[in-house]
Structure formats: C-alpha cells, structure tokens
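See below for the structure under consideration.
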Amino acid sequence: MTSIFYEDYELEAGRRTGGRTITETDIVLHAGQTGDFYPHHMDAEWCKTQPFGQRIAHGTLTFSIGIGLTANELNPEAFSYGYNRLRFIKPVFIGDTIHATVTIKEKNEHPKRADMGFVIEEVKVMNQHGHTVMACEHVLLVNKQRGRGKCE
C-alpha cells in the first residue's frame, strides 16, 4: 500500500491496466444482479435483426469492469468522490478484451477543506482494436501531506 498525497499527483501522468475478456457469463451474471434482461444483452436471435448483429454487454457492466481494472493500486490517502461525464461510445461484445488507461487531467483545491484536494482522472476503456468504448472522469478526494506548503 503506497501513500500518494494530493501534492504527489502530476498532471498528464498516466497508466494502462491489464486486459479482461468479456464473457457470456459476465453478461448473464450482470443481468441477474441488476435485473436488466433487455434483449440487447440476452436474446442472441433478436440481436441478429438489430444494427450490431449480436448481443452487447450492459453499459454498467463495461463501467464496472473497466473501473475495476483501474483499482490495482490501493492508496489510503485517496477516496473515490464519484464519476463525471460517463459515456458509452461503442458497444462491447462477448469475446472483446477491454483495458483502461488513466491520465491525471486536473487538480483542484477543496473549497472548504485546506487538508484535501480533488484529483480528476480521465479514464478511457478500450477494446482489443484500440477503439474507445467508454470514457469518464473519476473524481478523487485526496488528503494533503501534513507539513507541506500550499500546492502549486
């Protein structure tokens, strides 16, 4: 477990996660957990008559797996504050392998707490062809390191 304080985050710093192949089991389990049994996800024959021609993963499944892939580093100084600008750009199909890239987009002082700041990560989830299938901004609330001066 590495402590990374607000001051330690560098704009434009980035990382790439490993990949994860989306399976039919993923889709079926997600449908059961969420109650979303829309035919776009569950009915292979009906999907053949639709523009994509095959079943697609739930957007919320793509989000949960894509964001889960980014959770490979535990930082006890940062807390997830939420997500902004979430978009599902392209469909994810059974058999697609997705990975995520994370780039530090901006840092902002907390308006009420001098001991914390906001770090905005740009998250892009891509398929095996390099196409972005989902994008969002992950907002982190991060502790400042005690004893350091004000951040620049």
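Being touching an Asp or Glu at 6+ places or on another chain (Cβ under 8 Å) and surrounded by fewer than 17 Cβ atoms within 10 Å (Cβ to Cβ) is the filter here; which residues of segment 102-117 pass it? Within segment 102-117, Thr103, Lys105 qualify. Taking (1) buried (at least 18 other Cβ atoms within 10 Å of the Cβ); (2) more than 25 Å from Glu122 (Cα to Cα) in turn, Gly32 satisfies each apart from (1). In segment 43-62, is there at least one residue being surrounded by fewer than 17 Cβ atoms within 10 Å (Cβ to Cβ) and of a type in the set (Val, Ile, Thr)? Yes: one or more hits.
Being closer than 15 Å to His138 by Cα, within 11 Å of the chain's Cα centre (by Cα) and assigned to a helix (DSSP H, G or I): is that true of Leu69 here? Taking the combined requirement at face value, the residue satisfies it. Of everything in segment 1-51 that's touching an Asp or Glu at 6+ places or on another chain (Cβ under 8 Å), part of a loop (DSSP other than H, G, I, E, B) and not hydrophobic (A, V, I, L, M, F, W, C), which residue is modelled with the lowest pLDDT? Residue satisfying both the conditions and the ranking: Thr2.
Just wondering, is there one or more residues in segment 115-127 that are of a type outside the set (Val, Ile, Thr) and in a loop (DSSP other than H, G, I, E, B)? For segment 115-127, residues of a type outside the set (Val, Ile, Thr) and in a loop (DSSP other than H, G, I, E, B): present.
Taking first residues from segment 78-106 that are touching a residue at least 12 places away in the same chain (Cβ under 8 Å) and basic (Lys, Arg) and partners that are loosely packed, with under 15 Cβ neighbours inside 10 Å and not in a strand (DSSP E or B), the Cβ contacts under 9 Å between residues at least 6 apart in sequence or on separate chains come to Lys90/His131; Lys105/Leu11; Lys105/Glu12. If the condition is being in a helix (DSSP H, G or I) and in contact with a strand residue (DSSP E or B) (Cβ under 6 Å, 6 or more places away or on another chain), then segment 52-64 contributes Gly59, Thr62.
What do you reckon, is Lys112 at pLDDT 95 or above and either assigned to a loop (DSSP other than H, G, I, E, B) or small (Gly, Ala, Ser) (or both)? It is true that Lys112 is at pLDDT 95 or above and either assigned to a loop (DSSP other than H, G, I, E, B) or small (Gly, Ala, Ser) (or both).
Matching residues to (1) buried (at least 17 other Cβ atoms within 10 Å of the Cβ); (2) modelled with pLDDT of 95 or more; (3) closer than 30 Å to Arg55 by Cβ; (4) of a type in the set (Lys, Arg):
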site	(1), (2), (3), (4)
Ala71	no, no, yes, no
Gly82	no, yes, yes, no
Ile120	yes, yes, no, no
Gln128	no, yes, yes, no
His131	no, yes, yes, no
Lys144	yes, yes, no, yes
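It is to be established whether one or more residues within segment 71-86 are of a type in the set (D, E, K, R) and under 21 Å from Gly19 (Cβ atoms).
Yes, that holds for at least one residue.
Taking the criterion of being under 16 Å from the mean Cα position of the chain (by Cα) and closer than 18 Å to Glu7 by Cβ, the residues of segment 90-133 that qualify are Ile104, Lys105, Val119, Ile120, Glu121.
The values are calculated or read from the model by the stated rules, or taken from the named source; none is laboratory data. Computed from a predicted model, the values in this text were never measured in an experiment. Here the Cβ is made from the backbone with ideal geometry for all residues, glycine too, and neighbour counts use every protein chain on show.
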